[in-house]
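Report on one structure; see the data block that follows.
Just so you know, all these numbers are worked out from the coordinates, no wet-lab data involved. Note that this is a predicted model, so its numbers are computed, not measured. All Cβ positions, glycine included, derive from the backbone under ideal geometry; neighbour counts span all protein chains shown.
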Amino acid sequence: MKWQEDFHPLRFPGCPWGGSRRLSLVLLKGLLVGLTVAALLSVLRFENVEDWQRWLTEYAGLFLVWRLLLYALIVWGWIGIRRRLMVWDGDETETRRRRWRVEIASVLVVVLLEVSQWLQRG
């Protein structure tokens, strides 16, 4: 890909939804509405904390599958953004090293969070 002055790794020219800013706002609003509805439904569904904790324990496996799917989606998105960042940064080895350290730290955080969840259930 040839270097362009208006190139930015998070912009997607020619997208039917108008680029990443509008899509991000729509997704953020949808996420907020979804979380609000889920919170309201959980208040109506469970009468006390013990019922809610029992329900969480029963469906822990499904929540693990859900989190793994979210992690896969995040990785898929990051691979596309990373590819664009590598073009944007060029051959700056220090920038690539810093990005590599952040990627390793991110993976370690996710692994530690999942291990702590597993140990709490264990």
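With θ taken as phi - 60° and the Karplus curve 6.51 cos²θ - 1.76 cosθ + 1.60 applied, the whole-hertz 3J(HN,Hα) list for segment 74-79 is 5, 5, 4, x, 5, 4 Hz, x standing for glycine and proline. Projecting the Cα atoms of GLY90, GLY80, VAL109 onto the charge dipole of segment 48-121 (Cβ charges, centred on the Cα centre) puts GLY90 farthest toward the positive pole.
Percent of Cα pairs in segment 48-121 per distance bin of 10 Å, from zero to the largest separation: 16, 35, 25, 16, 8, 2.
Spin-label model, ILE104/SER42: points 7 Å from Cα along the beta carbon direction are separated by 3.5 nm. Among residues other than PHE46 with Cβ under 15 Å from its Cβ, the summed charge is -2 (Lys and Arg +1, Asp and Glu -1). Taking the centroid of alpha carbons for each part, segment 33-84 and segment 89-122 are 21 Å apart. The local environment of MET86, defined by Cβ-Cβ distances under 9 Å, has a net charge of +4 under the rule Lys, Arg +1 and Asp, Glu -1. Around the Cα centre of segment 51-92, unit charges on the Cβ atoms of Lys, Arg, Asp and Glu (plus for the first two, minus for the last two) sum to a dipole of about 120 debye.
Here ASP51, ASP89 are placed in order of increasing Cβ neighbour count within 10 Å, fewest first, which gives ASP51, ASP89.
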